[in-house]
Amino acid sequence: MGENALLSNIKAAMPERRAHFRRFGTLMEFDKSRKTVFSGIQPSGEFSIGNYFGALKHWAAMQEGVNPIYCIVDMHAITVPQDPETLRRRTLECAAVLLAIGIDPDKSLLFIQSHASAHAELAWILNCFSYMGELSRMTQFKDKSQKLNAESIRVGLFDYPVLMAADILAYQTDIVPVGEDQRQHIELTRDIAVRFNQAFGDTFTVPEGRYAEIGTKVLSLSDPSKKMSKSDENRNSYVLILEEPESILNKFKRAVTDSEPEIRYDPKAKPGISNLLEIYAAASGISVQDSVSQFDGLGYGELKKRVGEAVIEELRPIQEKYAEFSKDKAYVDSVLKAGADAAREIAASNLKIVQEKVGFYSL
Ligand code: AQP
């Protein structure tokens with residue numbers, strides 16, 4: 001579809017989308033037959049294929065027969081230093097990427113975390129039901145804080161998982177599609193919900209994490225002992241969703257592997273090769289086993305080239321759609337506004353229940 005046709009279709013559909021959100025907001029509060037799906041992503045950098053295969057691809061696939069709520073978690077992003085203008089720009093880009101990967105505003109709520117203040121208010125209450133000991137055990141905190149000196153570790157970084165619990169619990173979420181690195185945070189969210197429910201009676205739905213079968217932990221291309229991260233200092237360690245094809249191919253060509261010639265899937269002994277096989281499987285929509293068979297008898301050079309090509313093909317339509325959405329700030333803003341209006345309504349009504357339970361006086 002040409003650019004003008006796409007934009008005029010989008011614009012023609014806009015009033016209906018807004019109306020849909022209001023209906024959707026009401027449905028979500030009262031329609032218990034549908035599971036609520038919630039997940040978030042930080043606008044802390046351009047998204048990597050780790051974010052995509054581990055989470056975003058599944059967000060796009062989880063929009064039918066559920067109440068899907070997807071959130072750009074800018075309050076989480078400022079737990080480490082951010083340049084304000086860059087954060088603002090990335091937040092908008094992030095929304096355009098989410099639309100490009102297929103988040104459909106007719107089906108899903110898409111909004112920015114800081115636009116629904118109930119997240120911060122609920123996080124404060126949940127802080128009062130969380131323990132220093134359990135937060136100290138979070139491996140993401142340990143990993144991220146290790147890179148900083150003790151004096152520059154922000155309280156927000158320590159408290160990150162409680163804000164995440166608030167994000168999830170504010171919507172009575174049933175299912176949270178995330179990558180493997182978030183499993184510990186999801187467990188903590190469940191513990192906090194159960195603890196609160198035991199103290200005050202049934203209040204929160206206890207959510208479950210939903211992890212991708214393939215691509216739930218995409219590893220760094222330069223150091224396959226750690227996960228691929230969009231804020232890694234080494235730009236060769238990650239491939240971005242919006243990256244140029246030539247650069248994608250070059251990064252895969254440089255990917256760290258091992259000195260044995262055999263292509264087989266063995267994440268412990270051969271993490272680099274296993275990572276490439278898994279990325280290939282995720283990009284081609286096949287099992288890891290089938291991806292191994294396809295490379296039978298071939299060398300590492302051919303594997304790297306074909307993985308790069310498969311990723312380029314998977315990303316091509318997303319990059320094309322992104323080019324369209326990124327030109328229409330007014331449309332993206334209108335989606336975010338409608339999403340925020342509905343999210344605010346839902347989160348505020350759940351927050352009110354929690355405030356009453358803990359004994360806040362109301363007028
Ligand atoms: N390497 C990965 N493999 C699979 N899934 C991943 N996710 C992140 N990295 C991988 C999933 O992406 C979703 C959004 O992540 P996030 O932005 O909220 O934070 P993160 O997990 O800390 O991701 P990054 O890329 O490492 O960001 P930075 O570098 O900013 O901290 C989550 O569902 C996550 O599991």
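Leaving out ligands, DNA and RNA, and with a 1.4 Å probe, what % of the accessible surface on the chain is carbon or sulfur? Before the final figure, lay out each step's value.
Numbers: 8870 of 17010 Å².
Its accessible area is 52 percent carbon and sulfur atoms.
Rounded to the nearest 10 degrees, what's the angle between the helix 329-358 long axis and the longest principal axis of the chain, both from Cα atoms, 0 to 90?
Between helix and principal axis, roughly 50 degrees.
Are there GluC sites (Glu not before Pro) in region 54-113 that DSSP puts in a loop and that have at most 12 other Cβ atoms within 10 Å, and which ones?
Numbers: sites: 64, 85, 93; in loops: 64.
Those that pass, being in a loop and sparsely packed, are 64.
What angle, in degrees between 0 and 90 and rounded to the nearest 10, separates the Cα long axis of helix 118-127 from the longest principal axis of the Cα atoms of the chain?
So the inclination is approximately 90 degrees.
Given H placed on each backbone N at 1.01 Å, which residues far from residue 210 in sequence or on other chains put an amide H within less than 5 Å of it?
Residues meeting the criterion, in which the H sits 1.01 Å from N, are 176, 178.
Quick one: how many lysine pairs in region 264-363 have C-alpha atoms under 18 angstrom apart, if they're 8 or more apart or on different chains? All intermediate terms of the calculation are to be shown ahead of the outcome.
Values: 270/304; 321/329; 327/337; 329/337.
For region 264-363, the number of qualifying lysine pairs is 4.
Run the simple label-point estimate for residue 117 and residue 305 please: 7 Å along Cα→C-beta, distance reported in nm.
5.9
Label points 7 Å out from Cα along the Cβ direction at residue 225 and residue 352: separation in nm?
Each label point is offset 7 Å from its Cα along the Cβ direction, giving 5.4 nm.
Please work out how much accessible surface residue 344 shows to a 1.4 Å probe, ignoring ligands, DNA and RNA, in Å² rounded to 10.
Per-residue accessible area (residue 344): approximately 100 Å².
Between residue 87 and residue 253, what is the FRET efficiency for a Förster distance of 45 Å, r being their Cβ-Cβ separation, to the nearest 0.05? Intermediate values should be presented prior to the final figure.
Details: r = 32 Å, r/R0 = 0.72.
Step by step, r from the Cβ atoms, then E = 0.90.
Got a sec? What order do 279, 353 fall in by accessible area at 1.4 Å, biggest, i.e. largest, first?
Values: 279 5, 353 75 Å².
Accessible-area ranking of 279, 353, largest first: 353, 279.
Could you do me a favour and compute the accessible area per residue for the chain, 1.4 Å probe, result in Å²?
Working: 17010 Å² over 363 residues.
With all protein chains present, the chain gives 47 Å² per residue.
Modelled label-to-label distance, residue 235 and residue 198, 7 Å Cα→beta-carbon offset: nm?
The modelled label-to-label distance comes out at 5.0 nm.
Which trypsin sites (Lys or Arg not before Pro) does region 259-316 hold that lie in a coil by DSSP with at most 12 other beta carbons within 10 Å? Let's see the in-between values first.
Working: sites: 264, 268, 304, 305, 306; in loops: 264, 268.
Sparse-neighbourhood loop trypsin sites (Lys or Arg not before Pro): 268.
The values are calculated or read from the model by the stated rules, or taken from the named source; none is laboratory data. Everything numeric in this text was worked out from a predicted model, so none of it was measured. All Cβ positions, glycine included, derive from the backbone under ideal geometry; neighbour counts span all protein chains shown. For accessibility, only protein heavy atoms count, side chains too; no ligands or nucleic acids. Shrake-Rupley method; radii C 1.70, N 1.55, O 1.52, S 1.80 Å.
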